[in-house]
1. By a straight-distance test (C-alpha under 17 Å), which aspartates and glutamates pair with K196 as possible cross-link partners, with residues fewer than eight away in the same chain excluded?
2. Give me the percent of the accessible area of region 127-200 that comes from carbon and sulfur atoms, probe 1.4 Å, all protein chains in place.
3. Determine the order of C427, C253, C213 by accessible area, beginning with the largest, at a probe radius of 1.4 Å.
4. As a quick test, which of the pairs K306/K347; K347/K402; K77/K98; K73/K379 have an alpha carbon distance above 25 angstrom in this structure?
5. Please report, as a whole percent, how much of the solvent-accessible surface of region 275-330 comes from carbon and sulfur atoms (probe radius 1.4 Å).
6. At a probe size of 1.4 Å, how large is the accessible area of L101, to the nearest 10 Å²?
7. Mind checking which of G63, G116, S53 is farthest towards the positive end of the chain's charge dipole, using Cβ charges of +1 (Lys, Arg) and -1 (Asp, Glu) about the Cα centre?
8. Would you kindly find the accessible area of Y362, with a 1.4 Å probe and non-protein molecules such as ligands, DNA and RNA excluded, rounding to the nearest 10 Å²?
Amino acid sequence: MDELVPASRSQSRWPSKTLEDVSFLLVRSWGWKKAMEDIPGNLGWPIVGESFSFISEFGSPAGICSFMINRQKRFGKVFKTSVLGRLMVFMTGSNAAKILLTGKDGMVSLNLFYTGQQVLGRSSLLQTNGEAHKRLRRLIGEPLSMDGLRKYFQFINNLAIETLDEWSGRTIFVLDEASTFTLKVIGNMIMSLEPKGEEQEKFRENFKIISSCFSSLPLNIPGTAFYRGMKARKRMFEMLDSIIEKRRSGEICRQDFLDSLIIKHNKTGGGSDEEKLTDEQLKDNILTLLIAGHDTTTAALTWLIKFLGENPHVLEQLRIEHQQIQEHRKGENLSWADVNNLPYTAKVLSETLRRATILPWYSRKAAQDFEIGGYKIKKGWSVNLDVVSIHHDATVFPEPNKFDPSRFEAPLRPFSFLGFGSGPRMCPGINLAKLEISVFIHHLVCKYRWRCLEEDDSVQPTLVRMPKNKYPIRVEAL
């Protein structure tokens, strides 16, 4: 909740705000409410706003989309609300997307809830802006570039084969399996964690606790999800401190992302300080990359398999594309060139991201006063882009609830598809996500068939939209 607490404050400060802090917030909140009078919507009850409704609808079958859709029916495509201490304006449309996501002239910045700020750390790529953001993105972007990913291709390929070999003849929950697969990939890329072993288990256990608290209430007291998440973050960083110390001493040497940063950004080495990261920046951004490389890819892979199961004609066309690769290679393994030449697979992935809309909204914070869609936005306001409505605009995507990869055969109107975001904050893990999913799907459709054991379109009460039932299937060899 950066509307409540600056990102630089300690999390332990939140429960004991001074009277001066509270008075300032009340005065600012009153001023903002007056300025919002021209924007349709409902700010709810004093202090709590519409938080109870938000939390209730967050846990409904449609998730957070219910909250947005219900208010759009009452107030239109632009509406105001107050949730968890934050005054918000929601809007949608390609024009709003262009303005909010490109962030022209420093108009907006990323707007994380307070819990997200504390979990990721103040040095995270997701909490920097302007030139500092550009610099940090350049310094940590190496493993996610196409050149950086190429050396991990064989690991990803082998891991996909090993994972799917364990599926045959079993009932499995796709979401759980996809989570394990993607976490093993990103863990190996960043710090050479082996797919199995005690260190991997500790890493996965702490990461899952951290990930689950990302959108929890900001109550840092024993028994809460936020408290458990911050404790797990501490354990994760202690683990990283130990690994970094061994790498710097030369006790362990790996050719992974962590090693490249330690060598390149060693404070005793050459080069300017502009090309170096502090240990705090290093650890905060390793955690950021772990989260960026896990949750959304896990969700995308799960939804894709679900949509394939529900659309056999799409599955058959996809299977033909991948079987042609097998025939061309005459039994040899999948190659880097093969996985980067899958046009129909790319369309299926795009349609998955459109249909599921894994991140239903993008939140930005006004860095200055500006006008959008005829409404005046004040500096400091939370402005949220409703991506679900953009992806289900019938004028751009006829029959929007139909799963149809052919939509992506022709160029789309700019800012009408935001599967990986857009602008300077486009998803840094876009290449990794495409690689993991393409490799995994290749081996799945070439070797196996599956049937769904429980039809359910409900989603989990999380910011990243995932099937609530984890999509249980029965898998058999072809």
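The values are calculated or read from the model by the stated rules, or taken from the named source; none is laboratory data. Treat the numbers as computed from the prediction; the structure is a model and nothing was measured. Every residue, glycine as well, gets a Cβ built from its backbone with ideal geometry; the counts of neighbours run over all protein chains shown. In case anyone asks, the SASA skips ligands and DNA or RNA and just uses the protein heavy atoms, side chains included. Shrake-Rupley method; radii C 1.70, N 1.55, O 1.52, S 1.80 Å.
1. K196 reaches E162, D165, E166, D176, E177, E205.
2. That fraction is 48 percent.
3. Details: C427 35, C253 100, C213 0 Å².
Ranking C427, C253, C213 by accessible area, largest first, yields C253, C427, C213.
4. Working: K306/K347 16 Å; K347/K402 14 Å; K77/K98 16 Å; K73/K379 27 Å.
Table pairs above 25 Å Cα-Cα are K73/K379.
5. Working: 1020 of 2040 Å².
The nonpolar share, carbon plus sulfur, comes to 50 percent.
6. The value for L101 is about 10 Å².
7. Final value for the positive-end residue is S53.
8. 30 Å²
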